[in-house]
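Structure first, commentary second.
Bear in mind these aren't lab numbers, they're just calculated from the coordinates by the rules spelled out. This one's a predicted model, so the numbers in the text were calculated from it and none came from an experiment. Using ideal geometry, Cβ is built from the backbone for each residue, glycine included, and neighbour counts are taken over all protein chains shown.
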Amino acid sequence: MRLVIARCTVDYDGRLQAHLPEAVRLLMVKADGCVAVHADGGAYKPLNWMNAPNRLVTDDEGWTVTSPKGETLRITIHEVLADSQHELGVDPGLQKDGVEAHLQEL
């Protein structure tokens, strides 16, 4: 997993068009190729993302993520504050105990 904290702008062009103005954000690239853009506040969901499979191309100005359907996520990086890469290994998965009805009784 690659984690980058950067001052950036983000533009999505696909089923609709979306723009995130310049701000400091967390950019996450998972091993499967999924790219997500997060802010420090709000919900757990990313502000914008592109699910795998996709193609990630990096250049001096930022990242361009393109899906097989032609959708494009352009991340223009103005300043990199941190950039790290980590091998997380195979995830053992979530182990659940109980059922939803039982949890609601508690």
Near LYS96, which lysines are there with a Cα under 27 Å away, not counting those fewer than 8 places off in the same chain?
LYS30, LYS45
Taking the Cβ-Cβ separation of LYS96 and ASN51 as r and a Förster radius of 25 Å, what is the calculated FRET efficiency to the nearest 0.05?
0.55
At R0 = 25 Å, FRET efficiency that the Cβ-Cβ distance of ALA82 and HIS19 yields, to 0.05
0.55
Check which residues have an amide H placed less than 5 Å from GLY62's amide H, if you skip close sequence neighbours.
ILE77
At 7 Å along Cα-to-Cβ for each site, give me the label-to-label distance between THR72 and ASP11 in nm.
0.8
Karplus (6.51, -1.76, 1.60) ³J(HN,Hα), θ = phi - 60°, over region 42-51, in Hz, Gly and Pro reported as x:
x, 6, 6, 6, x, 5, 7, 6, 9, 6
Would you grab the residues whose amide H sits under 5 Å from the one on ALA31? Only those 5+ places off in sequence or on another chain, please, with H modelled 1.01 Å from N.
none
With an 8 Å cut-off on Cα pairs and a minimum separation of 6 or more residues, tell me the relative contact order of the chain in percent.
29
The size of the Cβ-based charge dipole (Lys, Arg +1; Asp, Glu -1) of region 2-86 about the Cα centre, to the nearest 20 debye, is 360
Rounded to two decimals, what is Rg over Rh for the chain when you use alpha-carbon atoms and the Kirkwood radius?
1.08
